[in-house]
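Worksheet: one structure, shown below.
What follows is calculated from the coordinates using simple rules that are stated; it is not laboratory data. Everything numeric here is computed off the predicted structure, so don't read it as measured data. Quick reminder, even Gly has a Cβ in these numbers, built from the backbone with ideal geometry, and neighbours come from all protein chains shown.
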Amino acid sequence: MPVSELSGISAKPDPRRPQRRIPEAHLHACYDRLIAAGLFPARGRICDAGCGTGQISLPLAGRGYAVAGYDIAVEMVQRARAKLPAGLDALYAVADVRALPEADRACDAVVVSKLFMHIADWQAAVLELVRVARPGAPIAHLRDRGAYGTAVRRHFAARLRAAGFARLFLGPDPGSSAELVAFLAGRGWSPVPVATADLTWRFDTSAAETLRGLRERIFAEFWYVPEAAYAAALAETEAWAAAEPGGLDRAETMTARLAVDLFRAGG
């Protein structure tokens, strides 16, 4: 995949929107559990691949880890740097996750969040994570689930699929870990169960807010739909939402949860 396809992502999402963020307390709770179970180092160098604005690794820097975060989107890296408190051992830099500027076996753990779905040759990125992980180091894939399935968004996705856009991501669908599990298993990495079902949060949203997000193209699975098809589906969805009971003021309460896929070599 050309680098431009990845770098163009930076202008689309707005990571400051609360429904697009995992609560920091939940991230700390997750890391506490991983450390207590011996699945994550208590100290060391952490690689955050596809770091975005540093959401999942800034808490690690605050806990005393040495963090190296990489993203191909310049704007995202700039935001991560701006959020970094003084005195922490963290570096955020622009780099392609398929060619990380890290030595072999240099990292005591690798964290990644919502990355592979944006890369057509996502296997190359996974192999880089494997390369930089020292023996025994985990690869932790963190993501939020259940935050985005509003009625408006489901309707919009259905319109696109009806128009022939059955596959909305460049890489594997983030709703399933099957492809990632199978690929890593073929290289000697096994998934390790992590209990995070209780790490949930709730928020209210409305049809109008979801439509605003669609107009701003903040929802990742739709980034690769051509403009004309996107505009047609959006117009139909706006008309549908306005005609539904409650109209654009119709509210929904969403329940999201933190999901973690953790892999270890020979586990």
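A few remarks follow.
- Less than 5 angstrom separates the built amide H of G171 from those of H118, I119, all sequence-distant by 5 or more or on a different chain.
- Net charge of Cβ neighbours under 14 Å - reference G62; Lys, Arg +1; Asp, Glu -1: -1
- Free-standing Cys residues across the chain, given no other cysteine C-beta under 4.7 angstrom: C30, C51
- Nonlocal amide H pairs with S206, under 5 Å, H built at 1.01 Å: E252
- Projecting the Cα atoms of S177, Y31, P101 onto the charge dipole of the chain, computed from C-beta unit charges around the Cα centre, puts Y31 farthest toward the positive end.
- Ascending count of other beta-carbon atoms within 10 Å, so fewest first, for S176, S113, S57: S176, S113, S57
- Rounded Å value of the spacing that divides the Cα centres of segment 199-260 and segment 43-99: 29 Å
- Other residues whose C-beta falls under 14 angstrom from the C-beta of E236 contribute a net charge of +3, scoring Lys and Arg +1 and Asp and Glu -1.
- Estimated from helices alone, the mean residue ellipticity of the chain at 222 nm is -10000 deg cm²/dmol (sum of -39500 (n - 2.57) over DSSP H runs with n ≥ 4, per residue).
- Positive minus negative residues near R81 (Lys, Arg vs Asp, Glu; Cβ under 15 Å): -2
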